[in-house]
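Trainee: What follows is a structure written as C-alpha cells; I'll ask about it next.
Throughout, read-outs are computed from the coordinates displayed, never taken from laboratory work. Quick caveat: nothing in here was measured; it's all calculated off a predicted structure. Cβ atoms come from the backbone with ideal geometry, glycine included; neighbour counts cover every protein chain shown.
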Amino acid sequence: MTGKSEITIQRYNGHFAGYRDGRRVTGHFTHRGHAEARVDKMNRLERVTTRACMTCGGSFRSKGPHNRMCPRCRTMSEGMI
C-alpha cells in the first residue's frame, strides 16, 4: 500500500476530474466514465512495485500480488504448458 489517500471523482462546471486531498490529479473529462477509467489506471500504476521473482529470485517490476514471475521466467514457463 502506498499510504496515499483515495482519489475521488468530483464534478465541476459540467466536467469530471479526480481529486486527492482537495487537489486535482487528473485532467477534466466530459463523461464520468472517462474520469473513472483514468483513476483506475492511476491506481494500478501506484501498485507497481519491485518484487523478487518466485522462480529465479531476480528483481522485476510487478503490477500487483498476482504478478510473481519476472517476464523472462514467465516466457520460459509458457512453453512448458
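Trainee: Taking the Cα centre of the chain as the origin, how large is its charge dipole in debye, to the nearest 20, when only Lys and Arg (+1) and Asp and Glu (-1) carry charge on their Cβ atoms? Each step should come with its number before you reach the end.
Mentor: Working: 16 positive and 6 negative charges, 27 e Å.
So the dipole magnitude of the chain works out to roughly 120 debye.
Trainee: With loop defined by DSSP as not H, G, I, E or B, and exposure as at most 16 other Cβ atoms within 10 Å, which is the longest segment of the chain clear of exposed trypsin sites (Lys or Arg not before Pro)? Write out the running numbers ahead of the final one.
Mentor: Working: sites that count: Lys4, Arg47, Lys63, Arg68.
Answer - 5-46.
Trainee: Work from the charge dipole of the chain (Cβ charges, +1 for Lys and Arg, -1 for Asp and Glu, about the Cα centre) and give the residue of Gly14, Ala37, Gly57 farthest towards its positive end.
Mentor: Positive-end residue among those listed: Gly57.
Trainee: Taking K and R as +1 and D and E as -1, what net charge do the other residues with C-beta under 11 Å from the C-beta of His15 add up to?
Mentor: On the way: positive: Arg11, Arg24, Arg32; negative: none.
Within the 11 Å Cβ shell, the charges total +3.
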